[in-house]
Structures are given as structure tokens and as C-alpha cells.
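Presented below is the structure to which this report refers.
The values are calculated or read from the model by the stated rules, or taken from the named source; none is laboratory data. Predicted model only: the values in this text are computed from it and were never measured. Note: ideal-geometry Cβ built from the backbone for every residue, glycine included; neighbour counts use all protein chains shown. Just the protein is used for accessible areas: all its heavy atoms, side chains included, with ligands, DNA and RNA removed. Shrake-Rupley method; radii C 1.70, N 1.55, O 1.52, S 1.80 Å.
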Amino acid sequence: MARRAAVFGCSGQLGIELVRELKERNYQVVGWERAAVDISDGEKVERVLAGVDPRFVFNAAAYNQVDVAEREPQAAYVANALGVRNLALACRQVDAQLVHFGTDYVFDGTAHEPYREDDLPHPLGAYAVSKLAGELYAQAYLERPLIVRTCGVFGPGGLTTNRGNFVEFMLRRAADGQPIRVVEDHIGSPTYAPLLAARTIDLVEKNQHGLFHIAGGTPISWFDFAKLIFKTAGLNPPLQATNEREYRTPARRPKYSALSNDKMEQAGLKPMPPLDECVKTYLAVRETLVHPAKA
Ligand SMILES: NC(=O)c1ccc[n+]([C@@H]2O[C@H](COP(=O)([O-])OP(=O)(O)OC[C@H]3O[C@@H](n4cnc5c(N)ncnc54)[C@H](OP(=O)(O)O)[C@@H]3O)[C@@H](O)[C@H]2O)c1
């Protein structure tokens, strides 16, 4: 019998990849984008899950506007914390495993090596607090949730999603021909969405629960990531390094938020490939989407 899975936020970067990967692995998949089911509507979440009765519920829905969240912290909290509470309560009703995604921004960035699952969170702003609260709600109501924290997600879906991603942002800026300033004093581990989806489902299939980090595996500054993107794309736009002092944003962000994949690897999962390979793959897939006739 096919295993049933439900995906909330199915039209985001990660949601698209979860649906694709689950179907490839022969799951029966039902996905809802925000217009169909807003996870802040608890009654609706409960109703649709009762209708599908899935074994696994993936939450790829999230309010990800880190800077805007400082102006509207309630909106971030409703989606990222109370929305997860709704999902957790509904998962209890149908006895499904909730697979939820968290963020590297739960950390304060004072570390000098990739954060591990047992490092203490210390979020620096409204988005980060709301995401940490979401993790807590999942853990509060469920015995065996799987919570996967990730970092700097980029997937081909970012070509068309509302929020896009850093690679698309850089390519658009390069096309503008204006000088591009990117911070060199913030380090993360950018994560290719199709691999994030695949590794997460691997964990599910290994019957894992608890907190895991799944990120790109290559700690890199955003400036160096931009350089890598342009080099791989064969572009040479006017790129300048800047820093946190010069480039102020409404939200505070951790200076260092690379995540360690050690626990994931110890669970028997394949390490992530180097970032340059992921960027190359991303650009190749992107090309088939932008110019389908050439593919
Ligand atoms: N993107 C990153 O760099 C990054 C970094 C660290 C962690 N993460 C985490 O990774 C996960 C996946 O992120 P992503 O990159 O796939 O984000 P994304 O592309 O922005 O997708 C998020 C999706 O959630 C939907 N959504 C927002 N509020 C919702 C609600 N109340 N109910 C239902 N759907 C809602 C959005 O719909 P609309 O577009 O219509 O609003 C969008 O389709 C999230 O948990 C995110 O917090 C992401």
C-alpha cells in the first residue's frame, strides 16, 4: 500500500522539492499551497488532515521575511509558531509524524564552527523567535516530531516563488548592471533545496525523530557565495564586499550560522556535495526552466 504524505506550503522552494521527491519515491502525496490552506487556520488544517489521514505531514510553509518581521512580529508568529501548533495538534488527531523545518537564525552567530543540534539557541529577532517557538510547539504536543534546521535555501522553485532566493537575487542584480554590494562578514552554509528534501525524506525512512541539522556543508561568506555564483554562471558584474556596519538591515542576523551535518551523517545519510557542484546543478536545472526549448 502506498504511504500517504501531506505537504503544507507546497508551492515554496522546499515544498516543490518535497512533493517531487515524495512522488519519485512512490508516496501518495497531497500538497496545499497557502491559497488552499493557510496553516494559521487551525480548523481547516484539522479538517484537511482528517480527510487525507496521512502517515507523514511535512511543513514547508513559513513566513520568511526576516526584515519585514521586525515591523509585523505578530504575522511572523502567527505563521511560524501558532501555525506549527495547529499542525502539531492536527497530527496528534490522525497519529501522523510531523516533519517541520527550522532555521539557522535560532543561533546568535557567536560560534566559530558549524552549529550542532545541542548548541543553545539564542535568536536575535522577531523572525528567529517565531521559528524557535514553532520548534517548541512541535516538541510540546508530539512524541516523535522530526525537526530539520536548515540555512540559506536555494532551489529552482526560487525562479517563480514570491520570496525567490539569493542566487536569483544575484542574477537579477547582475542583469541590472549596477554595483552589487554583499556582506563578507556573515557566514552561512547555503543549502540546495532538492538535496534538503531528499535528505529529510531519508531521515523519515530511517525512522528518525528529534532535531537534525541539514545544510549545505560548505561554510562560506555571502560575498564569496556571490562570487561563486557569478563565476559558475560565467558573469563578471561589479561586485563589492561590504560588511554589517555599512549595510544595516532592520533585523539583526547571526554573523556565523553555518550548521553541522555530523548528526545527519552519523544517522547513515550521505554527506552533502561541495557547494560549487550544487550551484552548477542549480544553474543547469534553471537553464532548462528558463529556456525549455533548448533542453
Ligand atoms: N529560504 C531560506 O533561506 C531559509 C533559511 C533557513 C530556513 N528556512 C526554512 O526552510 C523552510 C522552507 O523555506 P523555503 O525557502 O521553501 O521558503 P519559501 O520559498 O518562502 O516558501 C514558503 C512557502 O510558505 C508559504 N506560506 C507562508 N505563510 C503561510 C501560511 N500561513 N500558510 C500556508 N503557507 C504559507 C508561502 O506562500 P506565499 O509565498 O504565498 O506567502 C510559500 O509558498 C521554511 O521553514 C523556512 O523557514 C529557509
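Quick rundown of the values:
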| quantity | calculated |
| --- | --- |
| Qualifying position, being aromatic (Phe, Trp, Tyr), within 11 Å of the ligand (Cβ to nearest atom) and crowded, with 20+ Cβ neighbours inside 10 Å, among PHE101, PHE56 | PHE101 |
| Qualifying residue in segment 228-239 (condition: in contact (Cβ under 8 Å) with a residue 40 or more places away in the chain and under 21 Å from the mean Cα position of the chain (by Cα)) | yes |
| Residues of segment 173-194 classified as open to solvent by 40 Å² or more (accessible area, probe 1.4 Å) and within 14 Å of the chain's Cα centre (by Cα), total | 0 |
| Criterion violated by TYR137 - all others in (1) assigned to a loop (DSSP other than H, G, I, E, B); (2) surrounded by 22 or more Cβ atoms within 10 Å (Cβ to Cβ) satisfied | (1) |
| Condition met for LEU18 (open to solvent by less than 10 Å² (accessible area, probe 1.4 Å), closer than 18 Å to GLY157 by Cβ and not in a strand (DSSP E or B)) | yes |
| Matching residues in segment 241-272 - criterion: being out of contact with any Gly (no Cβ under 8 Å at 6 or more places or on another chain) and under 18 Å from LEU195 (Cα atoms) | LEU259, SER260, ASP262, LYS263, MET264, GLU265, GLN266, ALA267, GLY268, LEU269, LYS270 |
| Residue check for GLY109: more than 9 Å from the ligand (Cβ to nearest atom), modelled with pLDDT of 95 or more and open to solvent by 60 Å² or more (accessible area, probe 1.4 Å) | no |
| Residues of segment 22-50 satisfying the condition of being open to solvent by less than 20 Å² (accessible area, probe 1.4 Å) and either out of contact with any helix residue (DSSP H, G or I) (no Cβ under 9 Å at 6 or more places or on another chain) or within 8 Å of the ligand (Cβ to nearest atom) (or both) | VAL37, ILE39 |
| Some residue of segment 224-240 being charged (D, E, K, R), more than 22 Å from GLU168 (Cα to Cα) and either touching a helix residue (DSSP H, G or I) at 6+ places or on another chain (Cβ under 6 Å) or open to solvent by 70 Å² or more (accessible area, probe 1.4 Å) (or both) | no |
| Condition check for VAL148: crowded, with 21+ Cβ neighbours inside 10 Å, within 13 Å of the chain's Cα centre (by Cα) and modelled with pLDDT of 95 or more | yes |
| Candidate set from segment 173-193 (those that are more than 8 Å from the ligand (Cβ to nearest atom) and part of a helix (DSSP H, G or I)); member that is farthest from LEU14 (Cα to Cα) | ASP176 |
| Tally of residues being open to solvent by 70 Å² or more (accessible area, probe 1.4 Å) and either more than 14 Å from the ligand (Cβ to nearest atom) or part of a helix (DSSP H, G or I) (or both) across segment 160-172 | 2 |
| Options LEU132, LEU142; residue that is more than 13 Å from the ligand (Cβ to nearest atom) and farther than 21 Å from ALA226 by Cα | LEU142 |
| Options VAL19, VAL7, VAL66, VAL84: the member that is under 18 Å from the mean Cα position of the chain (by Cα), within 15 Å of the ligand (Cβ to nearest atom) and free of Cβ contacts under 8 Å to residues at least 24 places away in the same chain | VAL19 |
| Helices (runs of 4 or more DSSP H) contained in segment 194-295 and holding at least 3 residues aliphatic (A, V, I, L, M) | 222-233, 275-290 |
| Yes/no for ALA76 being small (Gly, Ala, Ser), open to solvent by 10 Å² or more (accessible area, probe 1.4 Å) and within 17 Å of the chain's Cα centre (by Cα) | no |
| Count of residues meeting criterion [in a loop (DSSP other than H, G, I, E, B) and either over 18 Å from the mean Cα position of the chain (by Cα) or β-branched (Val, Ile, Thr) (or both)] in segment 89-107 | 2 |
| Of the criteria (1) within 13 Å of the ligand (Cβ to nearest atom); (2) within 27 Å of PRO254 (Cα to Cα); (3) in contact with a His (Cβ under 8 Å, 6 or more places away or on another chain), which one GLU117 fails | (1) |
